[in-house]
Amino acid sequence: MTSFPTIIDLTSSNIKTTSSVHDVNSPDPPFGSRFLLDPSLTFTQNAWDHVPPPDDQEAIIAESLERQKSAMVSEDERKKLNSRPSRYWDEFYKNNEGNFFKNRKWLHNEFPDLVAAAEPDAGPLKIAEIGCGAGNSIFPVLAANRNPELKLYAYDYSSHAVKVVQHNPLYISPPCGTIHSAVWDLSSSSPDTDLPSGLSPSSVDIIILVFVLSALHPDEWSAAMRNIHRMLKPGGKVFFRDYGRYDLTQLRFRNGRMIGDNFYKRGDGTRVYFFELDELSLLFTGKRLSKEEKHRANYGYAASTTQVVEDDSEEALEGGSTPIPGSDVSNQSTSYLSTPTAKSESDTSISLSTLSQPSSIAFDAEAEQSSQTASNAIHANTYSDEPHIHPNLLHHDHPFAGLDHPLFTTLNLGIDRRLIVNRKRQLKMYRVWMQGIFQKL
């Protein structure tokens, strides 16, 4: 029996409205992070924000990667996995239907343009979710929609995922506006199929790209970026979230799962890549981040607060080499580093250290040095000053180098680092996600 995702009212007054994304015009991010300043309190909360990894984390990373590289996926299996990856997602959705992932409740905080697009007077707009799966991002938007001129599109290269979307009651009878779902491969490089049927070039206002690029082979990134760019209007935006480098799930992959550097197969045959900040900047803008931008994304500039924000609604989650049914860990609500202000303890949102362009804060070396001690006590930093960048993004003779960059400008790009706690089993799980907003030039 198919179970359709629970619909979240994005306009409800009892939903957190503070975004964790640093407003480009604001010197300080929103208030309300949960900082683990007393280790004895570790198991009193389900999650803590900006928690430094343990002292032996670098050794854990090195050991995990060495073990994984000693028994990589065979060349024959690699070819099989990459030949038609959609079949593995077809099997996934045949087995799980709409029961696996929860709706993404954090969308209204992180990407408020989605809420604005659903307002009655927002006017004609097109929003496309690429890699829609069971519609966990697009259906909350549709359910909240009051804009009769809003057109929603949901695409996936899994035909069975599209069937799940098309059988959802909201799809059959939209409350307002329209929705269309179809099979389409984001990585298509065929002139006849590089855009979905019914969509003309430069016609889409917003693209939702959540946990999608990580499912593609790095050789498919260039075609994906071309298609995204071609689909969007000038000034259109991409709302992005995906897996970050050295996330718990990456380090826990068993032997025989590594396809290539930071690229793995799950037990069901689906693939996943773990991104570094510089890789995302190269993908969208064609350039690496500056020292200032890396600092802002990894440390932030705001002063810390010792207040702990309670959030009883958050579930304790376990990571693993395969996602846990019903535990879309990106849904978990936490908040952000900021200066102390009066705010309700119930106010929480996703924790995200971000960089924004243009920045209203000048990079000051002296200020950086003076704040370094406090920052190190709170923030989990990158594990290497020179992280590994996939060669596809660096080699001039690779097709990716042929993209006419810059394609996008970065409005926001950051890291969501969190310590997830299983209080019953006394487990600590270090999670890492990347998030960004990119605007077509």
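Where a number appears in this text, it was derived from the coordinates with a stated rule and is not lab data. The structure displayed is predicted, hence computed values, not measured ones. All Cβ positions, glycine included, derive from the backbone under ideal geometry; neighbour counts span all protein chains shown.
For the pairs LYS69/LYS287; LYS94/LYS294; LYS69/LYS294, flag any whose C-alpha to C-alpha distance is greater than 32 Å. Listed pairs above 32 Å: LYS94/LYS294.
Once the other residues with Cβ under 10 Å from the Cβ of VAL212 are scored (Lys, Arg +1; Asp, Glu -1), what is the net sum? Combined, the nearby Lys, Arg, Asp and Glu give -2. With semi-axes defined as the square roots of five times the eigenvalues of the C-alpha gyration tensor, the equivalent ellipsoid of region 152-217 measures 21, 15, 12 Å, largest first. Coupling constants for region 251-257 follow from the phi torsions by the Karplus curve (6.51 cos²θ - 1.76 cosθ + 1.60, θ = phi - 60°), and in residue order they are 6, 8, 4, 7, 4, x, 10 Hz; glycine and proline get x. For the modelled label position 7 Å from the Cα of LEU394 along Cα-to-Cβ, which residues of region 259-298 have backbone nitrogen atoms closer than 15 Å? Taking a point 7 Å out along Cα→Cβ of LEU394, the residues of region 259-298 whose backbone N falls under 15 Å are 261-262, 276-283, 287-289. Using a cut-off of 15 Å between beta-carbons, work out the net charge of the residues near THR178 (Lys and Arg +1, Asp and Glu -1, THR178 not included). After counting each charged neighbour, the total is 0.
Beyond 18 Å, the tail of the calculated P(r) for region 180-284 holds 52 percent of the Cα pairs.
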